Each structure stands twice: as C-alpha cells, then as structure tokens.
Amino acid sequence: MFERIGRAAIGAVDRFLYALGFFAQVVKESALLFKRRQVGFDVLIKQILFTGVEALGIAAAMALAIGAAINLIGSSLLAEFGQGKLMYSILIVVISRELGPLLTAFVVIARSGTAIATELGGMAVGHELEAYVAVGVNPVSYIAAPRFLGVVVSLVVLNIYFNIFGLLGSFAVVQVLKPIAFDVYFRNLFAVLTPGDLLSGFAKSFVFGIIISVVALYRGFGVERSVTEVPVAGIKAVGSSFMLCIFADIVMMAMQYLG
Amino acid sequence: MEGTSLVELRGVSVVRQGYTVLRDVNISLSSGETLFVMGVAGSGKSMFIKVAAGITIPEEGDILYKGKSLDRLAPREEAAFRKSSGFVFQDAALWSNMSLFENLALPVRVHEPRRGRAEVDRAVRRAAELVGYGQDLGVRPAELSSGERKLIGLARALVLDPEILFMDDPTADLDETSAARVPAILDELKSRGRSMIIASAVSELAQRCADSIAVLVEGVIAARGPYGDAMTWSDARVREVTGRLKARDAPEPGWLKGLAGAWVSAMADGVEMPDSRGEPRDDLAGGGLAGGEGGKD
C-alpha cells in the first residue's frame, strides 16, 4: 500500500514538473513568436477571432444581464435601508473585480478550452503533430504559442468588453424598466471606481487566460494513441481549468483583501 | 566526413507503457543507400523509422546524423537536418485543417521563406505531379481517399527534394496503379543518390529497390546485410520475414505488370510517357522536385 502511495506521489510530482517545463516552453516560444514571424502568426489571428470575437455575444449578454440585475435590485432594495449608493460599489466589485473576470473565464473554458484540447488531441491521434516535427516545425511554437497568446489576449479584451457592457450597457437596459438619471448614475459609478478595481480585473483575466490555455494545450498534447482519449482530454481540460481558475481567484482575492 | 554514416542508431531502446518496442538497436545508413527495414506486424518497424528520423525520442541510445547526435544539434543544424530529410507516414498524417496545397507548401515556406509565391506554387505542383496526383489541390485531406492522402503524404516528403527519406510503409493504402508508381519514384530517387530508410513488409518492393535489408524481430535487429545476403539467412524468425524475397534476376511480380507496370518499365527505360494531356512528362527527369530549375544538388 505504501509502495502504491509512494508511486502515485512520484507520478504526481513527475507530472507537475513536466507541466511546469511545458509551461516554461510555451512562454518562451510565445516570446519568440513575433521575432520569428513564422507561419504561426495566422494561427494567432484565428485564435483571437475564435476565442475573443466570437465569444463577445455571450459575454456581452451575461454582462448586460448581471449589470441590469444589480441595477434593478440595488436601486430598490438598498434604497429601503438608505444605502442606495452602495449599489455602485456592488456594481464595481461584481462586474469589474470579481464576477467579470471569472465569468468570461468560464465562457472561454467552455468554448476555447475544450476546442483546443480536443483539436490537439485529434491532431495527436492522426500523427499530425509528428508531421510538424518531421518537416521541422516545432509544434510548441507553431501550435501552442499562438493559441496561448490568443487566449490570454482574448480573455483580457473580453473582460474589458464585459466591463463596458456590465457598467454602461446595463444602464441602458435599466432605463427601460426603472429609469435612473444619466448624470446621477455615472457620477456615482465613477466616484467608487478606482484604478485598483480595473487592475484587479485585468490581472485576473491575464492569469485565467494563462491557466486556461496552458491546461488545454497540456491536455491536448497529452493524447497519445486513441480517439477515445480525445473527449477525455476535453473533459479534463474543462475540469482542471475550472478548478485552477477558482483557486487562483481565491488566492488573488485573499491577496487583495487580506494583504 | 569520409567514412561517416549518414544516419546511425547507437544502442537505441524505446519503451512504451512498460513494453519494450525497440531493444539496443545499432544500425547505420550510408549515403546513397536504400535500407529496407522488414518485420512482421508489431515488430517495431514504425517506431524504428520514427526514432531514426528523430521524431520519437528513445529512452536510451543516440541517433547520429552525419556523425553528430540529433540531441546536440544547434537549432540551425536541426533545421538543416529537417530540410534535408523527408518522412512518409504510414497513415499520411496530413494536416486536416489545411488544403492539400497548404500541406505541401508548408515545408517550403518554413525552410525557404524567401521563395516567392510562384516558386512555392511550382514546387508544390511538381511534387504533386511526381506522385501522380493531378486533382484539385484546394481541397482538404478529408475529401480524399486513403490512397490519395498517402500520395499527398509522399509528395509532402518530396517537396523539398530531401537528401534522405524515411518511409513508413509507403505502399500501404495505395491502389495497384498508385502502388506501381512508388518503385519508379524510389528508383528515380536512388538514381539521384538519395538515401532511404523504408519500413515495409512488401517483399516485391524490397526486391526491386533495397540495397540492404534489416529484419526486426520483437524490437531487435535480428539480421542486417546486403539484399543479396537476405536469401541466405537461416534463422527461422528471420526467414518468416525474408522468405518471400527473391534473387534480383527473378521475374517481376504481377502487380508491377499491366498498364501501370508498363508505365513503370517505361520510366525505368528512360522513355517519356505522355501525361493525361498528351504532353511528355518531365517530372521524373533529374530536374529536382523543389521547384528550382535544376534542383538543389
């Protein structure tokens, strides 16, 4: 039994070190992508299009819904306790600092995390990755680096859009249901919005982008021989990304509020 | 570099999921040599050829290219090795998200980025013509039959006119007509001094093209020698593989005859055959495959 536990522990450490090495290689190749100007550049554009642009609709709809809900509930419920102005703080905390980065990360996990892991898995099974090696193209620089950069950039940009739709767009939605004066809304909103809030959201999106892309790439590259491994890679990419993003969110939140 | 092997495997062992696929393999390939690696299914031929081409990294041992370990090649040297080597996968392994043209163009664009669009186009079309693929290159691999995919995989390996070719079962999945082109292509490559390592269980192909034979039995090189010696090997496990090999003066096998065989024979005799447009074919003449007017050598 002890032998089995020991073997499992060694295996886990091996996998962790391998993942770290993989991460380091992806970062290195990403840094060299622009210098090399190799064929991977169009992959980067396609990845941004898929992860960022095509996910904009879902992210915008979520931001509008959440922003409008906070507006509606905050303006009536908090007013009963004479704390109407707290609505703006809640808007900022939820949209910009906490929920925005996390929800956009979840959207990207569901769309791009699975797509990247299963696509790479399929390529591995079809020996397409080996074919890249055979013609002298490093799969990490051509396949992984553009996807890594594409997901990170997209997530940061998506979060900016989430903020715009959550803070500004929701105002427009609320005007239909329960009008608030334009100048009152924005004066109060910008009174509580600090650069730290925006920076926090930016930092989280950046970290989540790294986690989602590296996990999906790692799982995709991990497929070896069978097509049945492909959906498993997708499922594992989603599960691991969710857990790691939530964990990272808690850590960053703790650093922000306790540090 | 006189006397140095082009490719050499030293003490190579590969273990996959607890199973030893290759065990202490020591073998070398001279410049201009065509080495056939034969063995029954599961003997480790595919793994051997991937290891020899530096695609799969062995657990033990070293792969040397012109006397230098692949592990220790500088990035520029590694790029030169990749440019001068072509690999034909057993299942073609075309990039499914690219058109056939892009599949063939990528190696050219990677290794010769200064080439203009017209030159890349010319290299791609020459390679496709060489393997006898005259259809639309704008389609994706999924729209092809497995045989056509295999031909494009062969064309991709040839597009840069490599010095050395690694082929994993080059006639697998090919119909009789397409399979009949392969020996002609190999003959042409041999005549131009190209080196080849070919993993194949097809005795007829070995009989026609092999300079030397290596027999893999359960991941171990059980026999290795010139083609002429293969008929004299007496080990039962080796004979199981080489038993169908015949002396070079034996009659040609049936699948090399017929219409396709006539084309191949004509090529071997140096006779120009008309292509489908009724024009003489020049793709097998020694003009080089990579789009240069006179080849690179």
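The values are calculated or read from the model by the stated rules, or taken from the named source; none is laboratory data. Because the structure is a prediction, the values reported are computed rather than measured. Every residue, glycine among them, receives a Cβ derived from its backbone with ideal geometry; neighbour counts consider all protein chains shown. All accessible areas refer to the heavy atoms of the entire protein, side chains included, with ligands and DNA or RNA removed. Shrake-Rupley method; radii C 1.70, N 1.55, O 1.52, S 1.80 Å.
Here are a few things to note about the model shown:
- Only one entry of A:Phe221, A:Phe182 meets the criterion of being away from chain B (no Cβ under 14 Å) and over 25 Å from the mean Cα position of the chain (by Cα), and that entry is A:Phe182.
- When we screen B:Ala92, B:Ala52, B:Ala80 for residues that are open to solvent by 40 Å² or more (accessible area, probe 1.4 Å), within 12 Å of chain A (Cβ to nearest Cβ) and small (Gly, Ala, Ser), the only hit is B:Ala80.
- Among the conditions (1) surrounded by fewer than 24 Cβ atoms within 10 Å (Cβ to Cβ); (2) in contact with a Lys or Arg (Cβ under 7 Å, 6 or more places away or on another chain), B:Gln135 misses just one, which is (2).
- Among all positions in the range B:204-217, there is at least one residue which is surrounded by 21 or more Cβ atoms within 10 Å (Cβ to Cβ), over 29 Å from A:Ala131 (Cβ atoms) and either out of contact with any Asp or Glu (no Cβ under 7 Å at 6 or more places or on another chain) or in contact (Cβ under 8 Å) with a residue 60 or more places away in the chain (or both).
- Whichever residue in the range A:14-26 is touching a residue at least 60 places away in the same chain (Cβ under 8 Å) and either closer than 12 Å to A:Ser141 by Cβ or of a type in the set (Lys, Arg) (or both) and, among such residues, is least open to solvent (accessible area, probe 1.4 Å): A:Val26
- Residues located in the range B:161-191, provided they are among the charged types (D, E, K, R) and assigned to a helix (DSSP H, G or I): B:Glu176, B:Arg181, B:Asp187, B:Glu188, B:Lys190
- Helices (runs of 4 or more DSSP H) fully within the range A:61-163 counting 2 or more residues that are at pLDDT below 90 and not small (Gly, Ala, Ser): A:86-91
- Number of the condition not met by B:Leu154 [criteria: (1) away from chain A (no Cβ under 11 Å); (2) out of contact with any Pro (no Cβ under 8 Å at 6 or more places or on another chain)]: (2)
- A single member of A:Val125, A:Val107, A:Val94 is closer than 19 Å to A:Ile235 by Cα and more than 14 Å from chain B (Cβ to nearest Cβ), and it is A:Val107.
Residue-by-condition table, conditions (1) touching a Lys or Arg at 6+ places or on another chain (Cβ under 8 Å); (2) more than 14 Å from chain A (Cβ to nearest Cβ); (3) on the phi > 0 side of the Ramachandran plot; (4) in contact (Cβ under 8 Å) with a residue 24 or more places away in the chain:
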| position | (1), (2), (3), (4) |
| --- | --- |
| B:Ser69 | no, yes, no, no |
| B:Asn103 | yes, no, no, yes |
| B:Arg109 | yes, no, no, no |
| B:Gly116 | no, yes, no, no |
| B:Glu119 | no, yes, no, yes |
| B:Arg126 | no, yes, no, yes |
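- Total residues in the range B:16-49, condition under 22 Å from B:Lys66 (Cα atoms), open to solvent by 30 Å² or more (accessible area, probe 1.4 Å) and aliphatic (A, V, I, L, M): 1
- Residue ID - modelled with the lowest pLDDT, chosen from residues in the range B:140-160 that are assigned to a loop (DSSP other than H, G, I, E, B) and open to solvent by 30 Å² or more (accessible area, probe 1.4 Å): B:Ser145
- B:Met167 being within 13 Å of another protein chain (Cβ to nearest Cβ) and open to solvent by less than 50 Å² (accessible area, probe 1.4 Å): yes
- Residue among A:Val173, A:Val135, A:Val157 that is among the β-branched types (Val, Ile, Thr), within 14 Å of chain B (Cβ to nearest Cβ) and out of contact with any Phe, Trp or Tyr (no Cβ under 6 Å at 6 or more places or on another chain): A:Val135
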